[in-house]
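Working notes, structure below.
The values are calculated or read from the model by the stated rules, or taken from the named source; none is laboratory data. It should be emphasised that the depicted structure is a prediction, and the values quoted were computed from it without experimental measurement. Methodologically, a virtual Cβ is constructed for each residue, glycine included, from the backbone with ideal geometry; neighbour enumeration extends over all protein chains shown.
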Amino acid sequence: MTEAKIREMTAVDIPPVMEIERSSFVTPWTEGMFRSQLRFRDQAINLVLDEDGTVAGYAAAWIAYDEIHLLSIAVAPAARRRGLGGEILRAVMERGRARGAVRVILEVRDGNAGARAFYRTRGFVDIGTRRRYYSDTDEDAIIMEYLFDE
């Protein structure tokens with residue numbers, strides 16, 4: 001049985017995170033973007049899911065005022081469909097709530113039905129659209145929100 005733990009992302013994690021990123025997104029973040037994200041620890045939540053010493057997933061988010069803005073979350077293809085994405089998302093939400101967040105906001109590609117369903121099953125709702133948000137494809141982004149209970 002494998003042991004999975006969620007921990008803070010470090011610079012050592014960037015190469016495996018980049019592998020997951022490239023296998024998950026049409027326009028992946030760059031290594032520089034992840035390195036920059038790590039520099040803002042006071043405003044950010046950067047986590048990896050470590051399964052027996054292997055990075056199997058990650059999440060990057062910002063905290064602004066009372067809001068968590070989920071920037072990127074992904075699980076390695078071989079580790080998908082086992083609930084790991086939900087574990088990472090839950091950890092981001094718990095850490096953000098502990099820092100005063102009352103809601104989570106994210107954008108997801110309109111055509112990414114799988115991701116939209118993933119968020120909906122976790123209580124997120126559509127609250128708007130950013131037209132032509134993704135410059136690589138001119139695709140719209142659906143803005144989704146989760147409100148924490150008072």
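Select from region 25-47 the residues that are part of a helix (DSSP H, G or I) and either crowded, with 18+ Cβ neighbours inside 10 Å or aliphatic (A, V, I, L, M) (or both) and list them in ascending order. Within region 25-47, M33, F34, Q37, L38 meet the criteria.
When the strands (runs of 3 or more DSSP E) confined to region 90-150 are screened for residues that are modelled with pLDDT under 95, those reaching at least 3 such residues are found at 125-134, 139-147.
Kindly indicate whether D50 is farther than 18 Å from L147 by Cβ, assigned to a strand (DSSP E or B) and over 14 Å from the mean Cα position of the chain (by Cα). So D50 passes the test.
Checking each residue of region 6-14 against the condition of being over 23 Å from F118 (Cα atoms), crowded, with 16+ Cβ neighbours inside 10 Å and over 14 Å from the mean Cα position of the chain (by Cα) gives at least one match.
For region 109-150, the tally of residues that are in contact with a Gly (Cβ under 9 Å, 6 or more places away or on another chain), polar (S, T, N, Q) and surrounded by 12 or more Cβ atoms within 10 Å (Cβ to Cβ) stands at 1.
You will find that of A64, A60, the residue that is closer than 18 Å to V104 by Cα and at pLDDT below 95 is A64 and no other. Return yes when G57 is among the small types (G, A, S) and in a strand (DSSP E or B) and no when it is not. Yes: the conditions hold for G57. Once region 76-108 is narrowed to residues that are touching a residue at least 40 places away in the same chain (Cβ under 8 Å) and within 20 Å of S23 (Cβ to Cβ), the residue that is surrounded by the most Cβ atoms within 10 Å (Cβ to Cβ) is I88.
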